[in-house]
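Asker: Structure provided below as structure tokens; questions to follow.
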Amino acid sequence: MGENRHLHGLADWDNALHRARHHAPFLARALDRQPELAALLSSGDGEGALTWARAQAAHPDTEIALRRERLALAAALAVGDLAGAFPLTQVVGELTAFADRALDRAIRSAITERTDTDSTDGFIALALGKQGAGELNYSSDIDPILLFDRDRLPRRASDDPGDAAQRYARRVVALLASNTADGYALRVDLRLRPASEVSPLAVPVGAALTHYQSAALAWERAAFTRARAAAGDVAAGEDFLSQIRPFVWRGQLDYGAVEEIRALTLRIRESHEGPPAPGPGFDVKRGRGGIREIEFYAQTHQLIHGGRDASLRVRGTRHALDVLAASGWIAPEHAVTLGEAYDRLRQVEHRLQMVNDRQTHALPEGAALDNVAQLDGLADGAALVAELTELTARTARIYEELIGRPEATPAPVAMPVSTLVHELGQWGFAEPDTLAERIETWRDGRHAAIRSPQAVAAWDRLAPALLKAMGQSDDPMRAITRWERILESVPSAITTFRLLDARPDLIERLVAALTLAPVLSDELARKPERLDTLIDRHALDLPGDVTSIMARMRGAAGRDDYEALLDAIRVITGEIRFALGIQLIEGLADPLAIARALSRTAEAAMQLATDATVAEFVAKHGRIAGSELLILGLGRLGGGALTHASDLDIVYLFTGDFAAQSDGPRPLGATVYYNRLASRVSAALSVPTAQGALYEVDTRLRPQGNQGPMAVSCEAFGKYQREAAWTWEHMALARARVLYGSPEARAQLEAVLAEVLQAPRGQAELREAVLEMRAEMAKHKPATGPVDAKLARGGLVDIEFLVHYLQLKGKTADGRPLAEAAPDALNPDLDVAMAGLAEAGLIPADLADPHALMSRMLVAGRLLAPDGREPPPSGARALARACGFESYDALLAAFAAARQRVAEAWKQILGTDILETEQENPA
């Protein structure tokens, strides 16, 4: 590239000054007007030149100060850029920082001139576009949105807040954009404000919030990915941006953004009058493969994924490309190609604007093109055109992979009905004639999802592969019905069709979700947005800890509102449960890990819903001094390992005096207080909202069951357990875990639990009670099928009975207290408890293996074989895969061996033959 030292990393100030004076009349005049600056640049003191330029802002007159600083900075940065001393990031960063300073000073001056107060309270300047991104170029205008708070805006006592704000806005524009003897400071474009055709120059904050929450257009979302509180009342600006964050960053994957950007790109290309390829008149910003398309590429991916992946919410285009690649959303090589092209195109854009300080992006012709090329350090215009031709062709190819080529391949011809009937029969569908007629109705415009010509073409391209996969599934008609429900529910499916067509693996995942697990297919039919989970690779990661899940739920709420929070809890819980279901049926995660993730999700939902419900309740009824609510989890929730079909087994308790009274506006006695509060917490966890249901809450394990009060005091609970509870109730307590309450209250309840579980018991009576309970259970609740790992004799229930029997027995083999010799044996987590019992010599160490196998079968079976009966072939393969086996037969053989091992342990510990009993009394 000839003398372009920037690409070689060597600063050549003399050559840069020579090119500036001979090829850029604007720069030549700027250097002549500022000889001191020219001298600093000639000596190679770039930082000194920048310092001198910034010092021009010291002039007391705002108009003069800003124009002189701008001229000095433009000249210093241009020459430093041409010399290769200042990289692009520094150049655009300095220009942006000046714009921020200038905008803030103009606001302060406008307010001070009117009020004699140096305050910008209540007057906000949001930077959008390149200023917001920190990427301003030499002759950019700025696109701020000016907002004001009527209650905080400084003004004269006689001024209406709205009138004062408009006066300040007009003055700000004049201070920055008016041409004076010193030129201008910044061109200002206020047309990005809400409803700019009818709204005032400065918009009230409330009106702006209403607009973005209800009436904003698609392009405004893209614009706000670059928004930043830049000047004026910055804190208030940041608060405003936080309030509209849900508008910009949507919770679901937003593949509609692709269509919006695609339509915008096509409009720009169609309206652009310049040539489509580099040459005279080619626009490096708007042309094919130019700056804007690279920006759109980054913004589109950010809009699609940024609602879920907060790491993508960055402003600069280069930064966005880097984080998109780092997060795996775009190919690293694409990020490099587009990033390098973006830098070079921005550099050429700067050269075009340096010549005469004009806001131009088009390549000139003839001698003027040679002049721009030589300013850049190239030999002539032909060299520049050749470089840009190759560069924009690469970027355009990448961009068009995202949005599709404008000259897209010919639309596929719809399959004739006769051919469709034949193919449906070949693919395994019954009654193909009837089904073909049904499928043809999908294309007749009844469904919004397949109404536009583009959507019909995309469907015709996808249909053969999708219908074939459905036909080869276990339940083809279920797949058809559920898919039809999705088409009826979504407003547009064109991008989904294209993604499925481009990624056959997604077709397999979709059909698996539609056919293998009724729970997942029903959920997908009710909530088509769950399709996001099939596409979003991050959605198939296991969720984090309880705290991180709670944070995700709070973030989805978007605002401090009880109903919004309950909706958000349901949305995030549903997303996580669906994602875990997909992981399970595809064998992407261990069912044991999925069970623990389901439990963490439930605990997060419970913690958040209870906190919010308590706060709502306290606002009406106050608090009871020295008293608080406790929630005890039992069963699989207590053990920290739920399935997709699990209820939440909980008991509500409270500390303190049951005769006490609350201190709120509507006081209640403690018993009534906590029973009402418990009822409301249960409702928060179970009652359907606009976002659907959450969990079934089961409180029947409380003292006296359904006949007892919903919540009792810890003191009453302990008394009941010591004096009136049955053995089965104590067995249930062996898996109890305190899930809600302060550390002090938890400790109090845990002491009660320990006292009950470690109380001395008659060994013979305990054994007799356990055997009688298990026999009755086997009689009334036998196994439902060959993969019922829970109820089959030798299954999970027998393991649990063995563990709880030994826990209540409370002694090691040599008679020592279990709580002292092996405290882990009393842990509510069965895995931990079994390890402790094995360490104490009470169960065989290898009993953990049958427990792990059957736990996997239970968790996976709740989706793939919910009734315990033998699943269809694909479901059987998925069940075997989830449990770590090559085939279903291998799984059944391992299950039989595991049951035998449990039966041996049962006989060793309790002295009866459970498998023989089962054979004598078949289910």
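The values are calculated or read from the model by the stated rules, or taken from the named source; none is laboratory data. All values derive from a computational prediction rather than experimental measurement. All Cβ positions, even for glycine, are placed from backbone atoms using ideal geometry, and neighbour counts span all protein chains on display. Keep in mind that these areas ignore ligands, DNA and RNA; they rest on the heavy atoms of the full protein, side chains included. Shrake-Rupley method; radii C 1.70, N 1.55, O 1.52, S 1.80 Å.
Asker: Note the angle between two axes, namely the Cα long axis of helix 381-403 and the longest principal axis of the Cα atoms of the chain, as a number of degrees from 0 to 90, rounded to the nearest 10.
Answerer: Between helix and principal axis, roughly 20 degrees.
Asker: Something else: Please report the antiparallel percentage of DSSP beta bridges with both residues in the chain, rounded to the nearest 5.
Answerer: Values: 21 of 31 bridges.
If we restrict to bridges inside the chain, about 70 percent are antiparallel.
Asker: Which value, in debye to the nearest 20, gives the size of the charge dipole of the chain about its Cα centre, when Lys and Arg are +1 and Asp and Glu are -1 at the Cβ? It would help to have the intermediate numbers written out before the result.
Answerer: Working: 101 positive and 125 negative charges, 249 e Å.
Using only the charged Cβ atoms, the result is roughly 1200 debye.
Asker: Here is a follow-up. Output wanted: per-residue J couplings in Hz (rounded whole) for the range 546-553, from phi through Karplus 6.51 cos²θ - 1.76 cosθ + 1.60, θ = phi - 60°, x for Gly and Pro.
Answerer: For the range 546-553, the Karplus curve yields 4, 4, 5, 5, 4, 4, 5, 5 Hz.
Asker: Would you mind getting the accessible area per residue of the range 823-923, heavy atoms of the protein chains only, 1.4 Å probe, in Å²?
Answerer: On a per-residue basis, the range 823-923 sits at 46 Å².
Asker: Any idea of the accessible area per residue across the range 655-739, 1.4 Å probe, to the nearest Å²?
Answerer: Numbers: 4200 Å² over 85 residues.
I get 49 Å² per residue for the range 655-739.
Asker: Kindly report the accessible area of the range 547-616 per residue (heavy atoms of protein chains, probe 1.4 Å, no ligands, DNA or RNA), in Å². Walk me through the numbers before you get to the answer.
Answerer: Numbers: 2220 Å² over 70 residues.
Each residue of the range 547-616 exposes 32 Å² on average to a 1.4 Å probe.
Asker: Let me know the shape class of the chain, please: from the alpha-carbon gyration tensor, a ≥ b ≥ c as square roots of the eigenvalues, rounded when a/c is under 1.5, otherwise prolate if a/b is greater than b/c, or oblate. The partial results should precede the final answer.
Answerer: Numbers: a/c = 2.59, a/b = 1.77, b/c = 1.46.
Prolate is the answer for the chain, as a/c is 1.5 or above and a/b outweighs b/c.
Asker: Ranked highest first by average number of other Cβ atoms within 10 Å, how do 856-863, 524-531, 654-661 line up? Could you put the intermediate results ahead of the total?
Answerer: Details: 856-863: 26.4, 524-531: 20.5, 654-661: 17.5.
Packing order, densest peptide first, comes out as 856-863, 524-531, 654-661.
Asker: Give the peptides 106-112, 692-698 in descending order of average Cβ contacts within 10 Å, highest first. Kindly include the intermediate steps, with their values, before the conclusion.
Answerer: On the way: 106-112: 22.4, 692-698: 16.9.
Going by the mean number of other Cβ atoms within 10 Å, highest first, we get 106-112, 692-698.
Asker: Related question: What GluC sites (Glu not before Pro) does the range 786-887 have in DSSP loop regions with at most 10 other beta carbons within 10 Å?
Answerer: Loop-located and lightly packed - 886.
Asker: Take the alpha-carbon centre of the range 743-786, take the same for the range 444-489, and report the distance between them in whole Å.
Answerer: About 52 Å separates the Cα centre of the range 743-786 from the one of the range 444-489.
Asker: For a test of the definition: using alpha carbon positions, the gyration tensor, and the 1.5 limit on a/c, classify the range 531-652 as rounded, prolate or oblate. Each step should come with its number before you reach the end.
Answerer: Numbers: a/c = 3.03, a/b = 1.56, b/c = 1.94.
Oblate shape, in that a/c is at least 1.5 and b/c is the bigger or equal ratio.
Asker: Ranking request for peptides 762-774, 606-618, 57-69, 124-136: highest mean number of other beta-carbon atoms within 10 Å first, then the rest in descending order.
Answerer: Numbers: 762-774: 14.8, 606-618: 19.4, 57-69: 17.7, 124-136: 25.2.
For the peptides 762-774, 606-618, 57-69, 124-136, the packing ranking is 124-136, 606-618, 57-69, 762-774.
Asker: Here is a further query. What relative contact order, as a whole-number percentage, does the range 764-923 give when Cα pairs under 8 Å and 6 or more residues apart are counted?
Answerer: Values: 194 pairs, mean separation 41.4, N = 160.
Computed value for the range 764-923: 26 percent relative contact order.
Asker: Here are some pairs, 719/811; 790/811; 811/907; 719/779; which of them have Cα atoms lying more than 21 Å apart in this structure? Write out the running numbers ahead of the final one.
Answerer: On the way: 719/811 24 Å; 790/811 27 Å; 811/907 19 Å; 719/779 32 Å.
Those over the limit are 719/811; 790/811; 719/779.
Asker: What percentage of the solvent-accessible surface of the chain, computed with a 1.4 Å probe over protein heavy atoms, is contributed by carbon and sulfur atoms? The partial results should precede the final answer.
Answerer: On the way: 19210 of 37690 Å².
Carbon and sulfur together cover 51 percent of it.
Asker: Give the shape of the range 107-252 as rounded, prolate or oblate, defined through the alpha-carbon gyration tensor: a ≥ b ≥ c are the square roots of its eigenvalues, a/c under 1.5 means rounded, and otherwise the shape is prolate if a/b is larger than b/c and oblate if not.
Answerer: Oblate shape, in that a/c is at least 1.5 and b/c is the bigger or equal ratio.
Asker: Could you run the Karplus curve 6.51 cos²θ - 1.76 cosθ + 1.60 with θ = phi - 60° over the range 844-849 and give me ³J(HN,Hα) per residue in whole Hz, x for Gly and Pro?
Answerer: x, 4, 7, 5, 5, 5
Asker: Further, regarding this structure: What value does the range 582-697 have for Rg/Rh, both radii from Cα atoms and Rh as Kirkwood defines it?
Answerer: 1.08
Asker: What do you get for the angle between helix 830-839 and the principal long axis of the chain? Use alpha-carbon atoms, 0 to 90 degrees, nearest ten.
Answerer: 60
Asker: What's the angle, to the nearest 10 degrees (0 to 90), between helix 888-910's Cα axis and the longest principal axis of the chain?
Answerer: Here the helix axis deviates by roughly 50 degrees.
Asker: Roughly how many whole Å is it from the C-alpha centroid of the range 272-342 to that of the range 605-667?
Answerer: First find each Cα centre; the distance between them is then 50 Å.
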